[in-house]
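Below is one structure, written out as structure tokens, with a few remarks after it.
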Amino acid sequence: MSSFTVRFLAPPCCPSSRSKTLLCATPTVAPAAPDAVEASRLEPRVEERDGYWVLKEQYRGGISPQEKVKLEKDPMKLFMEGGIEDLAKISLEEIESSKHTKDDIDVRLKWLGLFHRRKHHYGRFMMRLKLPNGVTTSAQTRYLASVIRKYGKDGCADVTTRQNWQIRGVVLPDVPEILKGLAEVGLTSLQSGMDNVRNPVGNPLAGIDPDEIVDTRPYNNLLSQFITANSLGNPAMSNLPRKWNVCVVGSHDLFEHPHINDLAYMPANNKDGRFGFNLLVGGFFSAKRCAEAIPLDAWVSADDVIPVCKAVLETYRDLGFRGNRQKTRMMWLIDELGIEVFRSEVEKRMAGKQLERAQEDLVKKQWERRDYLGVHPQKQEGISYVGIHIPVGRVQADEMDELARLADEYGTGELRLTVEQNIIIPNVDNSKLEALLKEPLLKDRFSPEPSLLMKTLVACTGNQFCGQAIIETKARALKVTEEVERQVAVTRPVRMHWTGCPNTCGQVQVADIGFMGCMARDENGKATEGVDIFLGGRIGSDSHLAELYNKGVPCKNLVPVVVDILVKHFGAVQRNREEEED
């Protein structure tokens, strides 16, 4: 464990605390301890063979098809043993003729961050990047723009709800060269999909926020380096039962959404005044179940951020169920073992260290979540950051080049991505603000001052590219919002999230109003694209998940329904009435 030890300066102590269990539509509480957990249940189900971790023979009954694909060939071999070089030379026709290579492009390549869009974009891939804490550079942005530009109308990029980039239109023969180019600019796509740890999320204002508790960037950089072994590949952490999310909280705003992560680090001082983190575990969304993270009742020092992450991941890897994929996220294991047994298994993997019980949180209970869009002063004197709105996160190559130019010309060549699919330009000298705000890109497309309904609008990929999505989301989200804005005026932001299917990449459960794609019936009984509507999600210190409000609303009938919700539940005023009052 000593190889993972790192020291940070402790932040100043904050006066208030947050020590409550998060709530959700169906209250999430720590699972009761089972009467007994058989010793055999705590035997690891995986073992190391030739550098890779594999499921033991006796646990291979009833496993999912994805687990069988992993057993046939470890997906990391495509990267670590050069398999991608050979695969990229094979035609799609040849690949399709063999189950082995077909599984490569449809399943195993996800370990390299490559997702084949077979259903709607055959032969094209989405590539997901690792971007710890959402921090990127102008050089990285230009490189990604150069990649997607060559794909014409098929190429574009998205800011995701995990604070990173996804690029689209990639073809397999180009992948080896793209991977080399990513490495040259300090990026990787490795271990960003399937049964791996997703991009570590942190405060988008880390290091520049006058009110931050701790700078989350060093921790998230270390987490990403550990998870991918410095982008060389880490097979010890790449055969998990399912995907796994992690975040480090750095501000009272909880921009990181800790309650929906498998592991969340919550800033806390122990009784000796030493800085560290309380741990929340088990938060996740899926088609069949959504659960908020619960307290592990554990505190770790800043030095032990990586060792405890390793221990939690090993517990999940070793003991997690690998059958029905709807029941393999980490919270299912916590439910089965009980929180105390799960905690003891984590402690067992901490190389002799004992976990302290949870300490006093530094996150304030009463805190009005701040708006990072627009111009705001940094903690550094005479410098500001400018948050700009990226409509539903979609950007084109020329726009990425322009963003890179703005970061260089007005800032320090840095850009910050946010989980709401927006971008921040930090480190702008105040003398340059006026000129920046007059830039055509910020006037025409990416406004720092969008409307109240547009500024918090989030949408997943939708069925334009994603084969799992039931409906189109991005263009529809913009159109519906524009039509709604013509009919009503709101006095505060209302967070509206769209997701194309129950996998809920658009995170509708944390929105004020969430729209989940489904098939519905119109007034004539005809099948049509529709949504299930969720209402009342909360983020911040009083976070909880939204509840289902209305099922199967046809998308073509959605505008008056949304108008009605905004008037009844969010104080919106009909524009014709507003004009009469004026």
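Residues considered: Thr504, Thr499. Of these, the only one that is open to solvent by less than 50 Å² (accessible area, probe 1.4 Å), touching a residue at least 24 places away in the same chain (Cβ under 8 Å) and on the phi > 0 side of the Ramachandran plot is Thr504.
Okay, residues lined up against (1) closer than 27 Å to Glu43 by Cα; (2) at pLDDT 95 or above; (3) open to solvent by less than 10 Å² (accessible area, probe 1.4 Å); (4) not assigned by the TED database to the domain that holds Thr228:
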site: Arg274; (1), (2), (3), (4): no, yes, no, no
site: Ala291; (1), (2), (3), (4): yes, no, yes, no
site: Val300; (1), (2), (3), (4): yes, yes, yes, no
site: Asp304; (1), (2), (3), (4): yes, yes, no, no
site: Val308; (1), (2), (3), (4): yes, yes, yes, no
site: Tyr316; (1), (2), (3), (4): yes, yes, yes, no
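What do you reckon, is Met76 outside the structural domain of Arg317 (by the TED database), open to solvent by less than 10 Å² (accessible area, probe 1.4 Å) and at pLDDT 95 or above? Criteria met by Met76.
You will find that of Leu129, Leu205, the residue that is closer than 23 Å to Gly413 by Cα, outside the structural domain of Gly276 (by the TED database) and crowded, with 21+ Cβ neighbours inside 10 Å is Leu129 and no other.
Scanning the stretch 446-470 for residues that are modelled with pLDDT of 90 or more, open to solvent by less than 10 Å² (accessible area, probe 1.4 Å) and either within 24 Å of Phe284 (Cα to Cα) or not in a loop (DSSP other than H, G, I, E, B) (or both) yields Leu457, Val458, Ala459.
Just to be sure before I move on: is Leu478 in a loop (DSSP other than H, G, I, E, B), open to solvent by 30 Å² or more (accessible area, probe 1.4 Å) and out of contact with any Ser or Thr (no Cβ under 7 Å at 6 or more places or on another chain) in the structure I sent? So Leu478 does not fit the description; no. Selection over the stretch 145-180 of residues that are in a helix (DSSP H, G or I) and either in the same structural domain as Phe465 (by the TED database) or farther than 20 Å from Cys460 by Cβ (or both) gives a count of 15.
Of the residues that sit in the stretch 521-538 and are among the hydrophobic types (A, V, I, L, M, F, W, C) and closer than 22 Å to Leu566 by Cα, which one is surrounded by the most Cβ atoms within 10 Å (Cβ to Cβ)? Before the answer, list the steps.
Step one: filter the stretch 521-538 for residues among the hydrophobic types (A, V, I, L, M, F, W, C), giving 527, 531, 533-535.
Restricting the remaining residues to those that are closer than 22 Å to Leu566 by Cα gives 531, 533-535.
Values: Val531: 28, Ile533: 21, Phe534: 25, Leu535: 17.
Checking each candidate, the answer is Val531.
With the requirement that a residue be over 11 Å from Arg142 (Cβ atoms) and open to solvent by 10 Å² or more (accessible area, probe 1.4 Å), what does the stretch 399-418 give you? The answer is Glu399, Glu409, Tyr410, Gly411, Thr412, Glu414. Using the structure shown, decide if Ser138 is crowded, with 21+ Cβ neighbours inside 10 Å, touching a residue at least 12 places away in the same chain (Cβ under 8 Å), within 22 Å of Val392 (Cα to Cα) and hydroxyl-bearing (Ser, Thr, Tyr). Yes: the conditions hold for Ser138.
If the condition is being on the phi < 0 side of the Ramachandran plot and either open to solvent by less than 10 Å² (accessible area, probe 1.4 Å) or not polar (S, T, N, Q) (or both), then the stretch 256-269 contributes Glu256, Pro258, His259, Ile260, Asn261, Asp262, Leu263, Ala264, Tyr265, Met266, Pro267, Ala268.
Please verify whether the stretch 183-199 includes one or more residues that are over 27 Å from Gly411 (Cα atoms), open to solvent by less than 10 Å² (accessible area, probe 1.4 Å) and not in a loop (DSSP other than H, G, I, E, B).
Yes, that holds for at least one residue.
Yes or no, residue by residue, for (1) among the hydrophobic types (A, V, I, L, M, F, W, C); (2) on the phi < 0 side of the Ramachandran plot; (3) modelled with pLDDT of 95 or more:
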| position | (1), (2), (3) |
| --- | --- |
| Leu23 | yes, yes, no |
| Thr28 | no, yes, no |
| Pro31 | no, yes, no |
| Lys56 | no, yes, yes |
| Met80 | yes, yes, yes |
| Ile90 | yes, yes, yes |
| Asp103 | no, yes, yes |
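Scanning the stretch 321-376 for residues that are within 30 Å of Arg416 (Cβ to Cβ), free of Cβ contacts under 8 Å to residues at least 40 places away in the same chain and outside any strand (DSSP E or B) turns up just one, Glu368. In summary, Gly530 fulfils each of the numbered conditions (1) in a strand (DSSP E or B); (2) among the small types (Gly, Ala, Ser); (3) within 30 Å of Leu114 (Cβ to Cβ) with the single exception of condition (3).
The values are calculated or read from the model by the stated rules, or taken from the named source; none is laboratory data. Since the model is a prediction, treat every value here as computed from it, not as a measurement. No Cβ is skipped: glycine too gets one built from the backbone with ideal geometry, and neighbour counts run over all protein chains shown. Side chains are part of the model used for accessible areas, which takes the heavy atoms of the whole protein and leaves out ligands, DNA and RNA. Shrake-Rupley method; radii C 1.70, N 1.55, O 1.52, S 1.80 Å.
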